[in-house]
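Below is one structure, written out as structure tokens; the observations come after it.
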Amino acid sequence: MKRSIWMLAAAIGCLTACSAGLRLPPTAPERPADLPAAMPNVERPEATPPKPAILEDAPLPPLSPAAQALMRQVEAQRAQGQMDAAAATAERALRLAPTHPEPWLSLAGIRLAQQRAEQAEAMARRALSLGGKTRAIRYRAWSVIAEARQMQGDSAGAREARDRADRDA
Amino acid sequence: MLSAFRRLLPFGPWAMWATLIATSAVIVYAAYLDREVVTRFETRRWSLPAQVFGRPLELGVGEPTSRDRVLRELQRVGYRPSAVIDSPGTYRVDGQNRLSIHVRRLTFWDGVQPARRIRVAFDANGITELTDLDRRTTLTLIRLDPELIGSLYGADGEDRVLLQLEAVPETLVLGLLAVEDRRFTRHAGIDPGAVLRAAVANLRAGRVIQGGSTLTQQLVKNLFLDSERSFRRKFDEALMALLLEWHYEKGEILETYLNEVYLGQQGGRAIHGFGLASQYYFGKPLDELEIQEQALLVALVKGPSYYHPLRQPARAKARRDVVLERYAQVGLLDPAQLAQAQAKPLGVRPALARAGTYTAALGLVRDHLMRDYSADALTLQGLRVFTTLDPETQEQATSALTRQLDRLGQRGKARLEGAVVVTDVLTGAVQAVAGGRNDAAEGMNRALFARRPIGSLVKPAVYLAALQSGAYSLTTPIDDAPVTVQLAGGKVWQPGNASGQFYGKEPLFQALAQSHNAATVRLGLAVGVPAVMKTLRSLGVDANIQPVPALLLGAIELTPFEVAQMYQTIAGGGIRAPLQVIQQVVSPDGKPLQRYPLAMETAASPQAMALLHAALQEVVRRGTARAAAVLPASMEAAGKTGTTDDQRDAWFAGYAGDRLAVVWVGRDDNTPMGLSGSAGALPVWLDFMRHTELHPVRRTLPEGVSLQWVDPTSGRAAGPECPGAIELPFRDGSAPVDPLPCALGEDWPDARSSPAQQLRQWWQELLTR
């Protein structure tokens with residue numbers, strides 16, 4: 001019972017802090033509504049984006065055993081340096097499981113190895129859109145994006161993507 | 001010889017000379033024909049059009065493929081049910097949840113998949129287990145045959161699948177000879193006995209019922225002569241047949257005949273040879289035909305159109321049964337087998353009736369291949385082309401189009417036509433292309449070549465340009481009020497809405513969902529026509545774009561295929577993937593020649609695309625396409641209607657789950673038809689989406705975007721408890737800040753959801769811990 005009273009106290013504390021009723025706190029701190037959209041830079045700490053209190057990490061639906069077998073084949077072909085064959089197998093996996101982020105990340109990695117940075121970034125973005133609620137996917141996708149940007153000579157963009165990846169490291 | 005001349009002497013020396021001259025003339029003529037026969041037979045080139053295959057069905061453990069789906073596919077590629085699956089191309093249903101299949105040997109670009117017997121086990125979710133019955137091992141993945149959906153034949157229309165003599169079933173050859181040329185093995189090219197028998201039979205019947213031509217003569221006729229009927233031609237034919245037999249082996253003549261004989265017509269495509277005829281009529285290789293199926297092909301030699309198995313089934317069956325009787329006469333069948341074979345139906349493949357379904361899709365394949373291959377390479381080299389085309393999707397698209405156009409009716413003089421393009425939302429793979437109603441009639445390929453104004457289909461580009469600029473959110477008020485645009489040359493343009501009304505200030509997403517013209521023009525002018533053009537380019541529109549204000553309402557002409565490219569980028573969340581139909585080109589002997597890899601690049605910011613996706617969903621939920629709101633919510637159906645001046649073109653471009661479909665409906669003569677995009681094109685789209693298999697695409701909101709409840713009419717902030725409120729995505733800091741009273745808890749229409757009630761509930765739960 002003692003524990004419950006403490007929780008009640010905490011809840012009341014929260015209630016007084018939150019202005020508009022019982023809405024759940026958003027994952028990112030919300031800017032007070034009356035502030036202008038663009039604040040002068042001096043008032044905002046630079047380069048450190050606000051870190052969300054909780055990192056969202058939803059489980060991914062499993063890949064089918066068939067698609068998993070193809071992903072293993074991709075890895076084997078990559079290990080032997082057969083990049084084109086690996087890409088073809090990854091595409092086969094992708095046609096089997098197009099809504100799963102794994103085959104997209106796999107193909108993005110191959111495109112990086114093939115020096116096709118723009119494609120690698122687009123495919124990593126696709127993986128983010130399909131699996132952005134899963135921490136490991138976010139980390140890997142942003143890492144690919146960082147490398148792809150570096151490859152294209154966009155150092156600032158690469159650093160930004162690297163920072164973004166590190167949040168989920 | 002000399003005595004013959006002497007006998008002629010009493011008629012005078014003139015007769016002798018005349019005979020001599022005539023004889024030498026024949027000899028010279030024969031020598032000329034001889035050269036013709038040899039050079040033309042030696043230098044002839046088979047037309048070997050590229051064969052185009054659909055995507056193979058992959059059987060994979062854990063994949064959501066149902067038993068019925070596999071059964072449909074097996075029928076499509078000509079597998080037959082059998083109690084024992086001891087030969088490739090057979091299968092057996094082992095109860096409710098299991099299938100045994102003897103998969104054929106298949107050549108793909110990445111190697112050969114040997115023939116093998118497998119067992120597939122299913123549960124309610126799909127495939128649970130794959131077993132290799134020969135090696136007693138488990139498998140995870142195996143491909144079924146891709147369907148041969150057509151060929152890229154040349155101007156001559158000749159299509160064939162080349163066969164070696166050894167690959168032809170014995171009964172087919174023996175049966176063919178028994179019916180068409182029983183003395184083939186013994187005659188020297190012509191068979192006077194057969195001519196006599198035919199003459200007698202024809203005299204008795206009073207009409208031509210039997211021909212006395214040998215196979216060699218038939219071949220000569222096909223290879224060297226035109227279809228003129230004259231004595232001179234008959235003479236040439238006989239002489240050339242003799243010469244052909246003089247120079248070449250029987251086996252070579254027979255093999256050529258088997259590949260050359262004309263066995264059917266499908267539009268402009270001529271089916272030559274038994275190899276292709278087997279695929280065309282039965283959907284399976286020649287060596288898998290049963291005896292009565294072989295007999296049907298032999299029956300067709302006499303007249304493929306007169307005995308057409310679909311158009312003249314009774315005639316075809318009667319002729320086939322005569323052929324089977326002949327088989328029995330020569331001892332190929334015993335009486336019991338004969339009765340059994342004659343009792344069987346013709347058994348042509350169900351898809352034969354839809355053989356024209358792929359015309360438009362094949363046009364696309366040809367179009368894309370022409371970028372890398374010459375016309376000769378496509379028609380002569382026997383290339384094998386593996387595509388992303390999905391036969392089942394193709395059927396669904398064509399029948400949705402035909403069904404809905406029939407329902408819409410005639411509507412005036414010219415009949416309604418239409419086109420459909422279906423692609424995979426995530427990969428850009430083209431799955432189906434319908435270029436008209438039932439394009440068996442081989443009309444024009446509207447999907448690829450009908451270039452029409454796109455009307456309101458352009459609007460997503462206007463709104464995307466605005467959302468990308470960062471100055472607008474989905475609820476920014478836009479004024480749908482009369483607008484006057486100064487054009488070059490002192491003219492003015494005053495666009496209005498189709499209803500003739502103006503709707504005043506409304507949230508941005510509503511202006512798109514309701515397709516309001518004045519609001520769109522106002523917004524487009526604010527972001528600038530050049531920005532809209534740039535957005536169209538980034539979405540993948542390559543066509544000519546005029547930098548005029550009328551562009552904002554769709555003064556740009558695109559084909560349905562080009563529209564599909566534009567909407568592919570939208571459906572794909574701003575990632576542009578060139579629409580792809582060809583996966584791989586392989587040489588006739590299985591060597592991979594060229595692979596067309598998946599390519600994509602980023603075209604628009606994920607944040608702006610998330611907002612556009614939500615607005616296009618509103619089009620379907622409550623906007624101009626709300627008739628499609630019946631689709632499951634998990635499919636997040638989204639799209640845009642389009643109608644052009646005087647309702648000449650009706651468009652709908654939209655996506656649901658993992659599929660994108662673009663539909664155009666209109667007339668070939670471009671006259672008004674009295675149908676808007678939602679009345680003319682949307683029904684086709686919805687019909688297709690309801691009949692096809694859809695899989696949800698889980699889209700994660702990009703970072704920097706979150707959902708917020710708003711009131712759809714005023715665009716003000718709301719809460720879930722506000723009546724009619726909807727949830728829309730906003731960039732951080734851009735959500736409306738002016739809340740409705742209900743969102744502040746001041747006016748609770750429903751006491752159960754008031755903050756006090758929620759607190760009370762929490763309190764009670766706490767106490768009961």
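We did not get these values from a lab; they are worked out from the coordinates using the rules stated. Note that the coordinates shown come from a computational prediction; the quantities given were computed from them, not determined experimentally. Reconstructed Cβ throughout: ideal geometry from the backbone, glycine too, with neighbour counts over all protein chains shown.
Of B:525, B:149, B:613, whose Cα points farthest to the positive end of the dipole of chain B (charges on the beta-carbon: +1 Lys, Arg; -1 Asp, Glu; origin at the Cα centre)? Working it through, the farthest residue towards the positive pole turns out to be B:149. Applying both filters, DSSP loop and at most 13 other Cβ atoms within 10 Å, to the trypsin sites (Lys or Arg not before Pro) of the range B:117-164 gives B:135, B:136. Near residue A:85, within a Cβ-to-Cβ distance under 13 Å, what is the net charge of the other residues, with Lys and Arg +1 and Asp and Glu -1? Spelling it out: positives minus negatives among the neighbours equals -1.
What you get for the range B:604-671, charging only the Cβ of Lys and Arg (+1) and of Asp and Glu (-1), is a dipole of about 280 debye around the Cα centre. Here's the picture: charge each Lys and Arg Cβ at +1 and each Asp and Glu Cβ at -1 in the protein assembly as shown, and of B:323, B:419, A:76 the one pushed furthest to the positive end of that dipole is B:323. Label reach from residue B:346 (point 7 Å along Cα→C-beta): in the range B:285-305, amide nitrogens under 15 Å belong to B:292-305.
To the nearest 500 deg cm²/dmol, what mean residue ellipticity at 222 nm is calculated for the protein assembly as shown from DSSP H runs of n ≥ 4 alone, each contributing -39,500 (n - 2.57), summed and divided by the residues? Taking each H run of at least 4 residues, the total per residue is -13000 deg cm²/dmol.
Please list log₁₀ I(q)/I(0) at q = 0.09, 0.13, 0.21, 0.23 Å⁻¹ for the range B:1-131, using the Debye equation with identical point scatterers on the alpha-carbon positions. Here the Debye-derived log intensity ratios amount to -0.51, -0.71, -1.21, -1.35. Compared with the direct C-alpha span, the chain from residue B:626 to residue B:68 gains 197.6 nm at full extension, assuming 0.36 nm per residue.
Using a cutoff of 8 angstrom between alpha carbon atoms and counting only pairs six or more residues apart, the relative contact order for chain B works out to 10 percent. Listed by chain and number, the lysines whose alpha-carbon sits under 18 Å from that of residue B:640, ignoring those within fewer than 8 places in the same chain, are B:459. The aspartates and glutamates whose alpha-carbon is closer than 17 Å to the alpha-carbon of residue B:534, local same-chain residues fewer than 8 away aside, are B:542, B:557, B:562, B:601.
Write down the percent of antiparallel bridges among all DSSP beta bridges whose residues are both part of the protein assembly as shown, to the nearest 5. Here the antiparallel bridges make up roughly 90 percent for the protein assembly as shown. Computed from label points 7 Å out along Cα-Cβ, the spacing between residue B:371 and residue B:42 is 4.3 nm. Spacing of the modelled spin labels on residue B:82 and residue B:23, each 7 Å from Cα toward Cβ, amounts to 6.1 nm. Across chain B, Cα-Cα pairs farther apart than 33 Å form 62% of the total. If you restrict to DSSP beta bridges whose two residues both lie in chain B, what percentage is antiparallel, to the nearest 5? Roughly 90 percent of the beta bridges in chain B run antiparallel, per DSSP. Please compare each pair in B:221/B:317; B:317/B:591; B:234/B:344; B:284/B:317 to a cut-off of 31 Å on the Cα-Cα distance and tell me which ones are over it. Over 31 Å Cα-Cα: B:317/B:591; B:234/B:344.
Extending 7 Å from Cα along the Cβ direction at residue B:727 and again at residue B:381 yields two label points whose distance is 5.5 nm. Under a model in which nothing but the beta-carbon of Lys, Arg (+1) and Asp, Glu (-1) is charged, the range A:94-169 shows a dipole of about 220 debye around its Cα centre.
Taking each residue as 0.36 nm, the span from residue B:124 to residue B:136 lengthens on full extension beyond its C-alpha to C-alpha distance by 1.8 nm. Structural descriptor for the range B:53-112: relative contact order 20 percent, calculated from alpha carbon pairs under 8 angstrom and at least 6 residues apart. Under 12 Å from a point placed 7 Å out from the Cα of residue B:75 along the Cα-to-Cβ direction: which residues of the range B:349-383 have their backbone N that close? Answer for this model: B:349-352.
Sorted largest first, the principal axis extents computed over the alpha-carbon atoms of the range B:439-584 equal 52, 32, 28 Å. Here r is the Cβ-Cβ distance between residue B:311 and residue B:235 and R0 is 35 Å; the resulting FRET efficiency, rounded to 0.05, is 0.50. The magnitude of the dipole of the range B:395-552, with charges of +1 and -1 set on the Cβ of Lys/Arg and Asp/Glu and taken from the Cα centre, is near 400 debye. Using alpha-carbon pairs under 8 Å, 6+ residues apart, how would you state the relative contact order of the range B:603-713 in percent? Relative CO of the range B:603-713 lands at 23 percent. Here's how it looks for residue B:108: its modeled amide H is under 5 Å from those of B:113, which are all 5 or more places away or on a different chain.
Scanning chain B for GluC sites (Glu not before Pro) in DSSP loops with at most 11 neighbouring Cβ atoms within 10 Å leaves B:250-745 as the longest stretch between them. Legend: calculated FRET efficiency, residue B:174 to residue B:110, from the Cβ-Cβ distance at R0 = 56 Å, rounded to 0.05, equals 0.90. Using 0.36 nm per residue and subtracting the Cα-Cα separation, the extra length available between residue B:738 and residue B:183 on full extension is 190.1 nm. Between the beta carbons of residue B:487 and residue B:671, assuming R0 = 22 Å, the FRET efficiency works out to 0.20 to the nearest 0.05.
All other residues whose Cβ lies under 13 angstrom from that of residue B:247 are scored, Lys and Arg at +1 and Asp and Glu at -1, for a net of -3.
The residues packed around residue B:612, meaning those with a beta-carbon under 15 Å from its beta-carbon, carry a net charge of +4 if Lys and Arg are +1 and Asp and Glu are -1.
For the range A:61-148, the square roots of the Cα gyration tensor eigenvalues, ordered a ≥ b ≥ c, give a/c of at least 1.5 with a/b no greater than b/c, which places it in the oblate category.
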